[in-house]
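The values are calculated or read from the model by the stated rules, or taken from the named source; none is laboratory data. This is a predicted model, so every value here is computed, not measured. Here the Cβ positions follow ideal geometry from the backbone for every residue, glycine too, while neighbour counts run over all protein chains shown.
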Amino acid sequence: MKKQTSLGHDIVVITVITLIAGLLLGVVHSITAGPIAEQEEKTRIETQKAVFQAAESFEAVEGIKEDEALIQAVADAGLTKTVVDAVDIAYDAAGEPLGYVVTSLNKEGYGGEVKIMTGIDTTGEELKVNSIAFLTLAETAGMGMKADLPDFKDQFIDLVPGDDMVAYTKTGKSAPNEIDAISGSTVTTNAVTKATNAALVAVRYLEGGAS
């Protein structure tokens, strides 16, 4: 009988502890959720401005992540494990559209997901990549993490690929749509290139052109 009483007591204690722990986690989440969301939104706006400095405001394109035609266009472009997560239209001070900021990701990075924002100017005769910025990058230090250094990342500034996709080379850039791969980090280079190309596919889709 004592053993049964002791067992029952232990079950009650464990149940109470579990309930209290759950309540505490809920309280902590409710306290931190607001500031975390505010910081994420601040980072998003700052990154938008970084990749499209000429823009004064941005407007989200609704439903882009679930757009089946765009999803198919990305797949048709051969961009495996690559997703267009969000698109924002960039406007100047007069409210005229300048282009887009595209958030895209590729899941084939060496350290997992590589997520970027790409600013793409549509005011010229051809699409121009203003620049890219990383939202998620967890590659190997001293190797894949070099993607966030100027030597690699700055290659995307004012890049005009024409009707082509961005391609990487290990033998030295020889075409307008090419970038030099990170030495010893082809996997990371490939992930960044695919994410950038997904942004181009999205903009060509929205502008009514071929992917």
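The residues of the range 23-49 that are of a type outside the set (A, V, I, L, M) and either in contact with a Cys (Cβ under 6 Å, 6 or more places away or on another chain) or at pLDDT below 75 (or both), listed by number, are G26, H29, S30, T32, G34, P35, Q39, E40. T103 passes every criterion in (1) under 26 Å from N177 (Cβ atoms); (2) in contact with a helix residue (DSSP H, G or I) (Cβ under 6 Å, 6 or more places away or on another chain) apart from (2).
Going through (1) modelled with pLDDT under 95; (2) out of contact with any helix residue (DSSP H, G or I) (no Cβ under 6 Å at 6 or more places or on another chain) one by one, Y110 falls short only on (2).
The residues of the range 90-120 that are within 28 Å of A138 (Cα to Cα) and surrounded by fewer than 23 Cβ atoms within 10 Å (Cβ to Cβ), listed by number, are L105, K107, E108, Y110, G111, G112, E113, K115. Considering only residues that are in a helix (DSSP H, G or I), in contact with a helix residue (DSSP H, G or I) (Cβ under 9 Å, 6 or more places away or on another chain) and among the polar types (S, T, N, Q), which ones fall in the range 169-192? Matches in the range 169-192: T188, T189.
In the range 62-75, the qualifying residues are those that are surrounded by fewer than 11 Cβ atoms within 10 Å (Cβ to Cβ) and of a type outside the set (A, V, I, L, M, F, W, C), and the one that is farthest from the chain's Cα centre (by Cα) is E68.
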